[in-house]
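Chemist: First the structure, then my questions, so here it is.
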Amino acid sequence: MGLGSYWGEVIDVLRQIIPIYDRVNSYISLGKDAEHRRRGISGRVRPGDLILDAGSGFGNMSKTAEKICGNIAITLYDPLVPMLKNTGSHFKKTPDMSCGVFEHIPFREEQFDAVLCGYSLRDAINLKIAISEIHRVLKKGGRFVIVDLGKPDCAVARAGVSFYLRTVLPIIAFSVGGRLGLKFATLYGTYRRWPQNSKLESMLLEKFSRVEFEKDLMGGAIMVAAYK
């Protein structure tokens, strides 16, 4: 599972929508993106932790973690250099930065206390390899925190989420971001390739000892913690 050859198209779109990315995301998540990041991170990141924000974008996950925990060491990791360059000045200390993909994380084994993925793991080229690489760089007892779209196991709920992403989301994105907002339609393509919630949990349990799986919006939003 993963984006496979679709990855290049998604990355090209992400590069184009950088100017409106955060603003549109806030609206299309029905204003719950910040809340979901807080819920996913709270209790899973601790003061003094060494954090890898994987698929970091502007670093919103690690910015949230820093606000909650205070003193943490952050490394931002993203395939798009322009995203890293637009992280802003909201960190207490300038984080380390590195560019690359989930499938080839350029850090040593057992280096990080926690790996954070905010609305990014869904963009992995190969999801199984991505999970394995994240597991590799986590210390024993480390936490892998995922905040993302969810694909409900219930067929009715899944149809509702699909309808929203395919039909309603483009209208909202256009109203907020203009013609550039229409590029957010590619999000539905990533959702189609994303596993159902129970399958994602099973994939995580193949590598991790325990998984906490929290859902919101009929299962259309997930906050997950996997423990090594």
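Chemist: Got a sec? Charge dipole of region 1-65, +1 on Cβ for Lys and Arg, -1 for Asp and Glu; which of Ile28, Gly4, Ser62 is way out at the positive end?
Modeler: Of Ile28, Gly4, Ser62, it is Ser62.
Chemist: Determine the dipole magnitude for region 154-212: charges of +1 sit on the beta-carbon of Lys and Arg, -1 on that of Asp and Glu, nothing else is charged, the reference point is the Cα centre, and the result goes in debye to the nearest 20.
Modeler: Taking the Cα centre of region 154-212 as origin, the dipole is about 220 debye.
Chemist: Between His90 and Arg136, what FRET efficiency follows from the Cβ-Cβ distance if R0 is 35 Å, with the result rounded to 0.05?
Modeler: 0.75
Chemist: Run the reach check for Lys63 against lysines, Cα to Cα strictly under 18 Å, same-chain hits fewer than 8 apart removed. What comes back?
Modeler: Those lysines meeting the cut-off are Lys32, Lys85, Lys92, Lys93.
Chemist: Also, quick follow-up: Got a sec? Charge dipole of the chain, +1 on Cβ for Lys and Arg, -1 for Asp and Glu; which of Cys99, Leu76, Ala185 is way out at the positive end?
Modeler: Ala185
Chemist: Using +1 on the beta carbon of Lys and Arg, -1 on that of Asp and Glu, and nothing else charged, what's the dipole of region 1-59 about the Cα centre, debye to 20?
Modeler: Around 300 debye, computed over region 1-59.
Chemist: Where the only charges are on Cβ atoms (+1 Lys, Arg; -1 Asp, Glu), what is the dipole of the chain about its Cα centre, to the nearest 20 debye?
Modeler: The dipole of the chain has a size of about 240 debye.
Chemist: Using a 7 Å offset from the Cα along the Cα-to-Cβ direction at both Cys99 and Leu50, what is the distance between the two label points in nm, to one decimal?
Modeler: 2.4 nm
Chemist: I would also like to ask the following. Of (1) 18.2, 54; (2) 22.0, 73; (3) 16.3, 46, which is the value of Rg and Dmax of the Cα atoms in Å derived from the coordinates here?
Modeler: Computing Rg and Dmax of the Cα atoms in Å and matching it to (1) 18.2, 54; (2) 22.0, 73; (3) 16.3, 46 gives (3).
Any read-out appearing in this document is the output of simple, stated calculations on the displayed coordinates, not a laboratory observation. Fair warning: this is a prediction, and the values are worked out from it, not measured in the lab. Methodologically, a virtual Cβ is constructed for each residue, glycine included, from the backbone with ideal geometry; neighbour enumeration extends over all protein chains shown.
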